[in-house]
Amino acid sequence: MHIKKTEIRDRIFQLEFNSQLELASTFLRFEEFYESPRFRGKIFSLKEFKEWYTKEKGAFTYYEDWPAFNIPSSVLKPFIQGKFDPLSPAEKQLISIFKNVSGIFYIIGVVVGADSLCDHELAHALFFTIPSYREQVLSILNKFNVDKIKQELMGMSGYCEEVLDDEVNAWTLTLSDELKAKPQKELKSELEKLFLEFKSR
């Protein structure tokens, strides 16, 4: 499997995969260890996750449901330590890509040519890697009632409560048309202005 690694910003790495299946199957356990409402911070097998996801969705559609991924480097630690043994060949490959990268960094995963998703994942990366950006996003969100957006995102069976502010920001910026709970225009405008400011730095 070919994976292209690019450092798109300081300490932010983008991995490009040739197919949606390769991307999603590689990132599944890393991503769900980070933000799953059921498995965040827990050690679990692919079988356990598939059983839970199928029960939630009625079928195992994970590989089609999630077109891009993002995780902080800290997520790699339990996989490197052998806690998720056995690792799949794809999981081993992802870990090996970063074996010579030290310190705190952020990883984005997309399919080749999926340019429309890059800003969404970059918003997550900036939120994690730049404290001043995160603080200003939170300040903006606190001015508006985003409870309905959070409820909708949690209903997707993909996000735990701890990542909801991060997700509200990213979804409002890039995927608001897909939300039933539409963000207020003023909220979207303020977040877009802030994002473009940090993106251009």
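Filtering region 65-76 to residues that are outside any strand (DSSP E or B) and at pLDDT 95 or above leaves SER73, SER74, VAL75, LEU76.
Residues considered: PHE60, PHE39, PHE44. Of these, the only one that is surrounded by 14 or more Cβ atoms within 10 Å (Cβ to Cβ), part of a loop (DSSP other than H, G, I, E, B), touching a Ser or Thr at 6+ places or on another chain (Cβ under 6 Å) and not assigned by TED's automatic domain parsing to the domain that holds MET154 is PHE60.
Residues that are over 28 Å from ILE104 (Cα atoms) and either of a type in the set (Lys, Arg) or at pLDDT below 95 (or both) do occur in region 164-176, at least one of them. Screening PHE79 with (1) farther than 21 Å from ALA170 by Cβ; (2) of a type outside the set (Val, Ile, Thr); (3) not in a helix (DSSP H, G or I) gives one miss only, at (3). Looking across LEU76, LEU138, one residue alone is under 19 Å from the mean Cα position of the chain (by Cα) and within 15 Å of PHE30 (Cα to Cα). It is LEU76. One residue alone among LEU191, LEU141, LEU179 is farther than 30 Å from PHE49 by Cα and out of contact with any Leu (no Cβ under 7 Å at 6 or more places or on another chain), and that residue is LEU141. Taking region 8-22 as the range and being in contact with a strand residue (DSSP E or B) (Cβ under 6 Å, 6 or more places away or on another chain), over 16 Å from HIS124 (Cβ atoms) and not hydrophobic (A, V, I, L, M, F, W, C) as the test, the residues that pass are GLU16, GLN20. Would you be able to say whether some residue in region 32-40 is farther than 19 Å from TRP171 by Cβ and touching a Leu at 6+ places or on another chain (Cβ under 9 Å)? No: zero hits. Checked across region 122-131, the condition of being over 17 Å from the mean Cα position of the chain (by Cα) and within 29 Å of ARG201 (Cα to Cα) holds for at least one residue. Among the conditions (1) hydrophobic (A, V, I, L, M, F, W, C); (2) exposed (fewer than 14 other Cβ atoms within 10 Å of the Cβ); (3) closer than 21 Å to VAL112 by Cβ, ALA90 misses just one, which is (2). Restricting LYS55, LYS92, LYS77 to residues that are more than 23 Å from PHE13 (Cβ to Cβ), of a type in the set (D, E, K, R) and without any contact (Cβ under 8 Å) to a residue 12 or more places away in the chain narrows the list to LYS55. Residues in region 1-29 that are among the β-branched types (Val, Ile, Thr) and surrounded by fewer than 17 Cβ atoms within 10 Å (Cβ to Cβ): THR6, ILE8.
Report yes if PHE98 is within 19 Å of the chain's Cα centre (by Cα), of a type in the set (Phe, Trp, Tyr) and farther than 22 Å from GLU192 by Cβ, otherwise no. Yes, satisfied. A single entry from GLY113, GLY103 fulfils the requirement of being farther than 21 Å from ALA24 by Cα and modelled with pLDDT under 95: GLY103. ILE80 falls short on exactly one of the conditions (1) aliphatic (A, V, I, L, M); (2) within 13 Å of PHE33 (Cβ to Cβ); (3) in contact with a strand residue (DSSP E or B) (Cβ under 9 Å, 6 or more places away or on another chain), and that condition is (3).
The values are calculated or read from the model by the stated rules, or taken from the named source; none is laboratory data. Since the model is a prediction, treat every value here as computed from it, not as a measurement. Methodologically, a virtual Cβ is constructed for each residue, glycine included, from the backbone with ideal geometry; neighbour enumeration extends over all protein chains shown.
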